[in-house]
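These notes concern the structure reproduced below.
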Amino acid sequence: MYLFRKKENIELKEIKSKTHITDLLFEKTTLLFALLIIFLVFWIIYEMYKDSEASRQMFGWGFITSPEWEPVKEKFGALTFVYGTVVSSLIALAIALPVSLGIAVFLSELAPQIIKTTLSFLIEILAAIPSIVFGFWGIFVLAPFMRNVVQPFLESALGFIPFFSGTKIGFGLLTSGIVLAIMIIPIISSISRDVLKTIPQAQREAAYALGATRWEAIKMALLNAKSGILGATVLGLGRAVGETMAVTMVIGNRAQIKLSWFEPAYSMASVIANEFAEASGKLHLSALIEVGLVLFAVTFVINSMARLLIYSTTKKMTVK
Amino acid sequence: MEAAELLGNSGNLKRRKVINIIMLTLSVISALAAIIPLVYIFFYTAAAGISSINLDFFTELPKPVGEPGGGIANAIIGSIEIVGIGAAFGIPVGLLAGIYVAEYSKTMVANLVKFVTDVLSGIPSIIVGIFAYGVIVLQSKNFSAFAGGFALGILMIPTVTRMTEEMLKLVPLSLREASLALGIPRWKTTLRIVLRTASGGIITGILLAIARAAGETAPLLFTSFGNSFWAESLDSPTASLPVQIFNYAISPYEEWHNKAWAGAFVLITLVFVISLIVRIITKNKFHQSV
Amino acid sequence: MNEDITEIIKEPLNIDTVAAPHHVKPEKSVIAVGTKNLTVWFNERKGIEDINIDIKKDTVTAIIGPSGCGKSTFLRALNFMHDLTPGARVTGELNILGRNINDYNGVEIRKKVGMVFQKPNPFPTMSIYDNVISGLKLNGRYKKDFYDETVESSLVQAGLWSEVKDRLKVSAYNLSGGQQQRLCIARTLAVKPEIILMDEPTSALDPISTGSIENAIHDLKKKFTIIIVTHNMQQAARVSDHTAYFYLGKLIEHSKTSTVFTKPKEKLTEEYITGKFG
Ligand SMILES: Nc1ncnc2c1ncn2[C@@H]1O[C@H](COP(=O)(O)OP(=O)(O)O)[C@@H](O)[C@H]1O
Ligand SMILES: [Mg+2]
């Protein structure tokens with residue numbers, strides 16, 4: 001230690017302030033809380049892994065591929081829930097993506113300032129409405145409307161596609177897809193708008209200079225922003241996959257896999273919400289926690305991908 | 001260049017102009033389409049709920065089915081307790097972690113924390129509920145406001161951290177330098193100058209986190225659970241507004257539905273008011289910095 | 001092991017005694033800032049290199065030189081301001097008020113060595129009054145009377161008192177740019193430093209505000225050692241006793257201001273002050 005310092009002194013005497021103890025203490029305290037967040041996430045993962053032990057031992061990977069979920073017989077397989085989650089989320093995405101892009105374009109390229117701020121504000125509120133309210137509204141307004149108007153219409157127009165025929169009860173995959181779409185439009189549209197804003201104005205002007213129409217200039221901006229928009233979309237998908245209450249209230253909660261989107265189904269989050277507090281035994285609880293673990297893994301992968309996509313676009317653009 | 005390519009294969013001028021108009025119109029329509037459900041939900045909830053809102057609603061306990069009147073005072077107070085516990089835990093953690101990420105942002109840990117915060121904000125809230133169940137309910141052997149508050153606190157952390165970080169980064173370096181140059185230590189500079197300058201935005205973040213937590217249902221289903229009466233203590237099952245709305249909403253009784261609409265209206269109003277406050281604060285902030 | 005530690009602790013003190021000869025010289029010639037081979041690195045690049053300079057107490061020294069020559073870099077080395085810059089490293093030897101700077105931590109040194117920046121930067125959340133006492137208040141507790149006195153005396157010294165004495169409680173943002181800069185000077189004075197560093201304090205201001213700040217500097221030099229960076233040579237000539245000319249990170253010349261502006265020793269200095277470049 002002494003030698004090292006001595007040597008350093010001969011070559012280049014470093015001028016450095018002595019550490020201020022309270023400053024150091026403060027930095028380390030904030031660091032501690034920052035680390036607490038990391039610790040918390042790992043703790044969550046550990047806890048879920050540990051508590052799903054019984055179920056994982058019992059069913060292995062078959063848990064994900066088996067459609068059987070019968071608490072009374074102590075048989076647990078999550079396939080029907082995975083199906084319900086995936087299909088309702090994809091329906092939501094198919095509806096939300098075009099609408100959100102339209103909104104993003106409107107907000108970043110077309111709207112005058114005052115409409116821009118008002119609309120942004122309204123979309124912010126839409127994002128903040130609790131999911132229980134969406135679900136409640138879904139039960140009493142959307143589901144009857146689906147049953148009486150939308151589903152009959154879809155069947156008569158598109159009934160040859162198996163998705164759009166079957167018993168019309170209003171609760172099911174399509175209805176929950178629509179509710180989810182409404183819920184994820186704010187996040188997809190606002191992030192897409194932010195990404196579009198990072199595309200330099202000069203690119204659009206270059207397009208106009210070449211005689212492009214407004215839409216053509218916008219289309220070019222959209223193409224350049226595509227990985228960021230993809231990121232926003234994936235993030236929206238993550239939200240849809242993890243959404244619990246609204247889906248629980250409109251999906252019908254029936255563990256089945258049917259081709260028809262009119263049919264009731266069940267999602268991973270919903271089965272946890274419905275059965276957890278009244279689980280019939282240790283294995284049942286453990287299986288529900290394993291469903292949670294799967295849900296966590298799926299959302300984790302989805303969100304990490306989304307973040308990387310968004311970071312990469314916004315960074316690329318700001319460096320330019 | 002890309003633009004030239006784009007023009008090259010997009011046909012004659014007339015067709016391009018028509019496409020232009022169609023696409024721009026679609027964009028405006030989608031903007032309108034987003035407003036419709038919002039307005040519809042808001043007014044529907046208001047119309048369905050307002051008739052059940054009276055003084056009793058806020059001050060009385062729920063009545064059994066068939067008996068008229070009663071309120072959901074226990075759920076409102078329960079929500080305040082649970083959100084309060086969550087805030088007491090989540091806000092300090094979020095704030096201090098946010099300070100670390102913003103003020104010592106060059107470190108590896110800061111980047112890692114940023115990423116993990118993003119991950120945490122993407123975890124479905126029901127999973128946080130499972131976690132709180134595992135570490136609190138299972139240990140204490142009963143549902144409690146503590147367990148619910150713990151779950152909500154975790155859910156508040158990412159919002160608070162992110163907002164704190166963003167707002168602190170908006171404070172110009174020159175203010176930090178001014179303060180340090182006066183011989184004010186770095187920690188005091190952060191707390192008394194930087195944090196205070198960013199306080200408007202940070203309060204915004206905290207309000208947002210509280211508003212979101214107040215509406216969370218899923219993580220409370222099996223942590224604070226529910227209760228038709230006053231909770232005996234913070235360590236016993238406690239009613240909350242969102243869970244109460246859920247239970248009423250899926251019940252077959254119309255009076256309960258009305259109560260649920262009224263509860264939903266209260267929640268929406270809360271969200272609306274907080275969003276408005278947030279808007280006003282951030283707008284002033286913006287004007288000041290320009 | 002124990003011995004090693006005492007060695008290390010003693011070490012800076014030894015350097016200190018080496019630097020002591022400055023103290024021996026009589027009255028006015030006591031050295032406020034003395035550097036030997038002072039070099040500032042930004043990662044592997046040097047911002048300034050091997051600066052050797054002695055700055056006397058209670059004088060005004062102007063630092064001049066073309067933009068990017070290292071004036072700010074030099075100034076910020078004197079109060080540990082480079083601590084904030086990631087990748088910045090300072091080497092060499094630096095004595096402040098006769099003591100090796102390594103004996104101080106940042107907080108201690110900055111109380112002795114105040115700094116005024118190019119752009120006025122009052123605290124936006126505070127009133128004029130609170131801005132002036134911010135350095136005191138955030139470092140300790142004093143009586144209200146003391147605050148009142150300090151506010152008045154600091155604002156008087158900064159030449160701002162008469163303009164703001166009736167509205168001390170309004171936000172500092174209501175002041176004009178020139179007034180804000182004088183407020184920043186007052187805020188620095190309130191901490192009672194011995195040395196004041198000013199980095200182009202008037203470059204963002206109009207001529208009238210510049211005049212009032214130069215007047216303030218004129219009054220201040222009786223009590224403080226002032227080092228002022230300026231790109232305005234008339235200003236250097238007006239306010240300073242000594243002038244140092246920096247070029248490409250090196251100190252080219254340092255003498256009495258009258259000498260530098262009338263018969264500079266170095267060709268480079270002459271070219272610069274006669275406006276051949278810069
Ligand atoms: N934070 C920094 N990082 C890297 N290089 C810097 C930094 N600050 C200053 N420099 C470099 O050091 C040199 C001197 O800069 P500066 O002291 O600001 O010049 P002046 O104040 O004389 O205009 C310049 O070449 C500049 O690019
Ligand atoms: Mg400079």
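The values are calculated or read from the model by the stated rules, or taken from the named source; none is laboratory data. Every value quoted in this text rests on a predicted model; they were computed, and no experiment measured them. Positions of Cβ are backbone-derived with ideal geometry, glycine not excepted, and every protein chain shown enters the neighbour counts. Quick note on the areas: whole protein, heavy atoms, side chains included, nothing else; ligands and nucleic acids left out. Shrake-Rupley method; radii C 1.70, N 1.55, O 1.52, S 1.80 Å.
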(Q) Give me, ordered by chain and number, the residues 5 or more places off residue C:97 or on other chains with an amide H under 5 Å from its own placed amide H. (A) C:33, C:34
Q.
Let me check something: with ligands and nucleic acids excluded, how do B:208, C:248 order by accessible area (1.4 Å probe), largest to smallest?
A. C:248, B:208
Q) Going down the list B:169/C:192; A:28/C:111; C:71/C:256; C:143/C:169; C:36/C:56; A:28/B:169, which pairs span over 23 Å between their C-alpha atoms? A) B:169/C:192; A:28/C:111
Q: Can you tell me the FRET efficiency between residue B:253 and residue C:221 if r is taken as the Cβ-Cβ distance and R0 is 56 Å, rounded to the nearest 0.05?
A: 0.05
Q) Between residue A:167 and residue C:152, what is the spin-label point distance in nm, taking each point 7 Å from the Cα along the Cα→C-beta axis? A) 9.0 nm
(Q) Can you work out the Karplus-derived ³J(HN,Hα) for every residue in region B:224-233? Use 6.51 cos²θ - 1.76 cosθ + 1.60 with θ = phi - 60°, whole Hz, and x for glycine or proline. (A) 8, 6, x, 6, 7, 10, 5, 5, 5, 7
Q | Rg(Cα) / (2.2 N^0.38 Å) computed for chain B, rounded to two decimals | A | 1.28
Q.
What number comes out for accessible area per residue over region B:55-289 if the probe is 1.4 Å? Units Å², please.
A. 37 Å²
Q: Rounded to whole Å and ordered largest first, report the semi-axes of the equivalent ellipsoid of region A:78-319 derived from its Cα gyration tensor (root of 5λ).
A: 36, 22, 16
Q. What is the set of long-range amide H partners of residue C:30 at a cut-off below 5 Å, with H atoms built 1.01 Å from backbone N?
A. C:57
Q: With unit charges on the beta carbon (Lys/Arg positive, Asp/Glu negative), name the residue among A:105, B:201, A:149 whose Cα is farthest towards the positive pole of the charge dipole of the protein assembly as shown.
A: A:105
Q.
Nearest 100 Å² is fine: what is the total accessible surface buried where chains B and A meet, probe 1.4 Å?
A. 7700 Å²
Q. So what are the radius of gyration and Dmax for the Cα set of chain C, in Å?
A. 19.4, 63
Q.
Quick check: at a probe of 1.4 Å, how many percent of the accessible area of the protein assembly as shown sits on carbon and sulfur atoms?
A. 63 percent
Q.
With a cap of 13 neighbouring Cβ atoms within 10 Å, and only residues DSSP puts in a loop, list the chymotrypsin sites (Phe, Trp or Tyr not before Pro) found in region A:33-125.
A. A:61
Q: Take region C:43-145, compute every pairwise Cα distance, and split them into 10 Å bins from 0; I just need the percent in each bin.
A: 11, 38, 34, 16, 2, 0
Q: May I ask you to work out the translational diffusion coefficient for region A:247-301 at 4 °C, viscosity 1.567 mPa s, via Stokes-Einstein with Rh from the Kirkwood sum over Cα pairs, reported in whole µm²/s?
A: 107 µm²/s
Q | Value at 222 nm in deg cm²/dmol, rounded to 500, when DSSP H runs of n ≥ 4 in chain B each add -39,500 (n - 2.57) | A | -23500 deg cm²/dmol
Q: Compute the normalised compactness of the protein assembly as shown: alpha-carbon radius of gyration over 2.2 N^0.38 Å, N being the residue count.
A: 1.16
Q: Kindly provide the helix-only [θ] at 222 nm of chain A, computed as the sum of -39,500 (n - 2.57) over DSSP H runs of four or more divided by all residues, to the nearest 500 deg cm²/dmol?
A: -23000 deg cm²/dmol
Q. Where both residues lie in the protein assembly as shown, what percent of DSSP beta bridges are antiparallel, nearest 5?
A. 60 percent
Q. Do any chymotrypsin sites (Phe, Trp or Tyr not before Pro) in region C:220-278 lie in a DSSP loop with no more than 12 other beta carbon atoms within 10 Å, and if so, which?
A. C:277
**Q.** Inter-part distance where region B:46-61 and region B:167-205 are each reduced to a Cα centre, Å
**A.** 44 Å
**Q.** D (Stokes-Einstein, µm²/s), Kirkwood Cα radius, region B:138-244, 0.890 mPa s at 25 °C
**A.** 153 µm²/s
Q | Mean residue ellipticity (222 nm) of chain C, computed from DSSP H runs ≥ 4 via -39,500 (n - 2.57), nearest 500 | A | -11500 deg cm²/dmol
**Q.** chain A, dipole about Cα centre (Lys/Arg Cβ +1, Asp/Glu Cβ -1), debye to the nearest 20
**A.** 1060 debye
Q) What is the Cα radius of gyration of region A:41-118 over 2.2 N^0.38 Å, N being its residue count? A) 1.87
Q. Kirkwood hydrodynamic radius of region C:126-168 from all distinct Cα pairs, in Å?
A. 10.5 Å
Q: Express the relative contact order of chain C as a whole percentage, based on alpha carbon pairs under 8 Å and six or more residues apart in sequence.
A: 25 percent
(Q) Give me the summed buried accessible area for the B-C pair, 1.4 Å probe, to the nearest 100 Å². (A) 2000 Å²
Q: Collect residues whose amide H, placed 1.01 Å from N in the peptide plane, falls under 5 Å from the amide H of residue C:105; neighbours closer than 5 in sequence don't count.
A: A:18
**Q.** Sequence-separation-based contact order of chain B, relative, with Cα cut under 8 Å and 6+ spacing, percent
**A.** 25 percent
